[in-house]
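Reviewing the structure listed below.
The values are calculated or read from the model by the stated rules, or taken from the named source; none is laboratory data. Computed from a predicted model, the values in this text were never measured in an experiment. Don't worry about glycine lacking a Cβ; one is built from the backbone with ideal geometry, like all the others, and counts go over all protein chains shown. These accessible areas exclude ligands, DNA and RNA; they are computed on the full protein's heavy atoms, side chains included. Shrake-Rupley method; radii C 1.70, N 1.55, O 1.52, S 1.80 Å.
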Amino acid sequence: MVLGENMKRLKFIYILLLSSLITACSNNHTVNIVSNSSNESNLISDSNETSLAVEELINDIEQLIMLYNMEDNEDLYTIYLAKMETLLLDKSIIMPLDLYSTYTISKVANINETPIVYMGNVYHKVKDYILLDKVISKLDAENIYHLNKDEKISYLTNNGYNLKEDYLLVKPNINISTLNPYLIVNPFEFEMLSNCFDGLFKIDEYGNCIPDLVDSYFISEDELTYTFKLKDNINFIDSNGEIYSKINSDSFIYGFNHLLDTNYQASLFRNIKNVENYLAGKCNFDKVGINKIDDYSFSITLNSVDRDFLYLLANNTLLPMDKDFYTSLGGKFGINEYKYIKELSTYLYGDISSLSNMIYSGAYYPKLIDKDKIVLNKNEHYYDNSNMLIETITYEKKSLTQELLIDKIISGEIDAIRIDNITNSEKYNEEYFINNAILHNNKSIRYIGFNTNRSTYNINSHSIKTNKSNEQIENFNKAVSNVNFRKAIFHSINREEFVSHNNRYKLLNNFTLYNSRELNNDVITEYDELLEKGSSYENVLSYYFNKCNMNININENDGIYNKEIALHYYEKAKEELGNVMDDVIVIDVLTIANNKLLNNQANTIKRNIEETFGKDNIRVDIISLKNQYEYYLAGPTGAKCYDLYYDMSVNADFYSDINILEKIFNNLIKNG
């Protein structure tokens, strides 16, 4: 076969850069695709906490991401993606589970189907919503999707809709334990409080990250320093809706100080200069990379480039704080100082006993909070007040089935419902549902993962603790650093059974969604083998899976679960680990005592693993936590007090395939 110039170029690049990569997968060695610069080599050596299992993977993935970002050839994009997925899956630190979406039936015409950004959803922010007097049809929602706000309103009012000012939502649980957004313990608190506090950026209904309280910003040439200029008309308001003080640069600096002191999502900010040192007590806060420039300008300096950094700032993680208000209610700055005062009765900042214990930076503020109803009022002093169409948000506590919720929205009693769990109910086949239920694009990829760097075994005054002996802790840590042990566990989990507990799934055998991506030309691989023009991404991925001797069949519904293969890898792990496997290997898994879904999923994992290997060889201990708060404390965003976690996700929409892989890699592999 005669090769064209493009073919020769592809073959040359593959031979030069990638010739040993796939061999490395099967032999479990680290391979440097290109030489590191001095800065890149520090990405591993600077982290004393990086485990062996992670060290095997970080360098290769970072090099592939770098090559991908430098390239301008679509066929190479496809190859690099396939190789990244092959490496991620072959190392078996994380495993894909499923893809799921949600439906809404709503009187909101432009509900923000924004991505999940690090923690929680930001679609709960309603300040930009257009609320109607009746449910918007699927057709009208499609027709207005790309119109601006004024054009949407004009279309809707000309087609029989009227605007509505009071937004009513029914929830099975409206429990609020705090008014402090850095102490939230359940999803509803996030939903409610996200309307009361605004940060630097927000995400629009199309997934774009745009300024909110920021007026303008500048990113340095090396992409490490972000300089923000705030709007000059933003204020804190009190519980009566009156202006309490101006929001300025100091407000965000004090807010970040408080965030780190509370350890709320602090791990997400480890890439900011000296955050790690501050959290470890090695420096004062004034050494952290957030610096005041003037009253309305400040900068943040990172350790390394993070092109998703603004998305992090869009998700109610870095919020302003008024120092005088905080200290007047007993607050103190400093990690040790905060640990001491937070248990004192004199510390009232955010205490739910009175709405006057908090001030607010968002578009709404709480006017009423009781056990059955919460009412948020519009902030009349908000910088964008004139464009806000909704005056009040009311949450009513009612526990209703989805069928009853559909009845209530049809009758007009409530304004929106979200449907996560599609069953065989006849209502989902009726004309009303078909015409009005909007399937949203906020598809999330869920995955299961090992904690390869566990350092915490009891927290919360030992109410959350492992039952493992010191020897069992040591043996698990050695076992989890062995790739064949990790593969054995993943191949033993019946994912179809696992995801069937919530009936909203499509099983995935890899992490990206191989939609229309295909090769534009014939490609000769580094093995002098032909991948034909038109080959789908699925075919390219299968090719590299086979070259890596991976036992994943991408064409099956569940192409990972296989007990025989699990036992094969288990025997290989026993050979390599020796006497480590003589005693039972114990794996800690978290659940919540009264959460039926999590309990069912945790028990599926336990039963699958113990039945495959025998519970005298590998035992799963389910650590049952009392509530969502403990689950948050012990989970991936908290103390990581577990060995295997199964309730993680990354949003698949609004991001390219490479962005999805980067998020999975950065959040779970590189940053633990």
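Some points to look at:
- Qualifying residue in the stretch 352-359 (condition: surrounded by 15 or more Cβ atoms within 10 Å (Cβ to Cβ) and closer than 19 Å to I130 by Cα): no
- Of the residues N175, N180, the single one that is open to solvent by 40 Å² or more (accessible area, probe 1.4 Å), part of a loop (DSSP other than H, G, I, E, B) and either polar (S, T, N, Q) or at pLDDT below 85 (or both) is N175.
- Any hit, the stretch 290-302, residues being open to solvent by 50 Å² or more (accessible area, probe 1.4 Å), modelled with pLDDT of 95 or more and over 25 Å from Y382 (Cα atoms): yes
To keep it simple, each residue is scored yes or no on (1) assigned to a loop (DSSP other than H, G, I, E, B); (2) open to solvent by 50 Å² or more (accessible area, probe 1.4 Å); (3) touching a helix residue (DSSP H, G or I) at 6+ places or on another chain (Cβ under 6 Å).
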{"site": "T456", "(1), (2), (3)": "yes, no, no"}
{"site": "H462", "(1), (2), (3)": "yes, yes, no"}
{"site": "K468", "(1), (2), (3)": "yes, no, no"}
{"site": "E474", "(1), (2), (3)": "no, yes, no"}
{"site": "N477", "(1), (2), (3)": "no, yes, no"}
{"site": "R486", "(1), (2), (3)": "no, no, no"}
{"site": "F490", "(1), (2), (3)": "no, no, no"}
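- Qualifying positions in the stretch 244-266 - closer than 15 Å to N315 by Cβ and surrounded by fewer than 19 Cβ atoms within 10 Å (Cβ to Cβ): none
- The listed residue being modelled with pLDDT of 90 or more, open to solvent by 30 Å² or more (accessible area, probe 1.4 Å) and part of a strand (DSSP E or B), out of L147, L168: L168
- The set of residues in the stretch 618-672 that are among the β-branched types (V, I, T), open to solvent by 10 Å² or more (accessible area, probe 1.4 Å), at pLDDT 75 or above and more than 19 Å from L597 (Cα to Cα) is empty.
- Qualifying residues in the stretch 252-282 (those that are more than 21 Å from S304 (Cα to Cα) and not in a helix (DSSP H, G or I)) - the one nearest to the chain's Cα centre (by Cα): Y264
- Residues that are over 30 Å from the mean Cα position of the chain (by Cα), buried (at least 17 other Cβ atoms within 10 Å of the Cβ) and part of a loop (DSSP other than H, G, I, E, B) within the stretch 529-564 comprise just one, S535.
- Residue, nearest to N377 (Cα to Cα), within the stretch 188-213, restricted to residues that are among the polar types (S, T, N, Q) and touching a Lys or Arg at 6+ places or on another chain (Cβ under 7 Å): N195
- The stretch 605-617, subset surrounded by fewer than 16 Cβ atoms within 10 Å (Cβ to Cβ) and in contact (Cβ under 8 Å) with a residue 12 or more places away in the chain, residue nearest to the chain's Cα centre (by Cα): K615
- Lone unmet requirement of (1) at pLDDT below 80; (2) under 26 Å from T317 (Cβ atoms) for M70: (2)
- The test for being in a loop (DSSP other than H, G, I, E, B), closer than 13 Å to S239 by Cα, of a type outside the set (S, T, Y) and open to solvent by less than 70 Å² (accessible area, probe 1.4 Å) does not hold for G330.
- Within the option set E221, E205, being free of Cβ contacts under 8 Å to residues at least 24 places away in the same chain and part of a loop (DSSP other than H, G, I, E, B) holds for one residue only, E221.
- Take the conditions (1) open to solvent by less than 40 Å² (accessible area, probe 1.4 Å); (2) without any contact (Cβ under 8 Å) to a residue 12 or more places away in the chain; (3) closer than 30 Å to E611 by Cα; Y428 misses just one of them, which is (3).
- Every pair of residues 6+ apart whose Cβ atoms lie under 7 Å, when the first sits in the stretch 383-412 and is without any contact (Cβ under 8 Å) to a residue 60 or more places away in the chain while the second is surrounded by 16 or more Cβ atoms within 10 Å (Cβ to Cβ) and outside any helix (DSSP H, G or I): N385/N379; Q402/I419
- For the stretch 565-604, a residue qualifies if it is open to solvent by less than 30 Å² (accessible area, probe 1.4 Å) and not in a helix (DSSP H, G or I), and the qualifying residues are V584, I585, V586, I587, D588, V589, L590, T591, I592.
- Close pairs from the stretch 356-372: first among the β-branched types (V, I, T), partner surrounded by 16 or more Cβ atoms within 10 Å (Cβ to Cβ) and assigned to a loop (DSSP other than H, G, I, E, B), Cβ under 7 Å, at least 6 apart: I359/D238; I359/D322; I369/I176
- Unique residue being acidic (D, E), closer than 30 Å to I434 by Cα and buried (at least 18 other Cβ atoms within 10 Å of the Cβ) when the list is E205, E191, E142: E191
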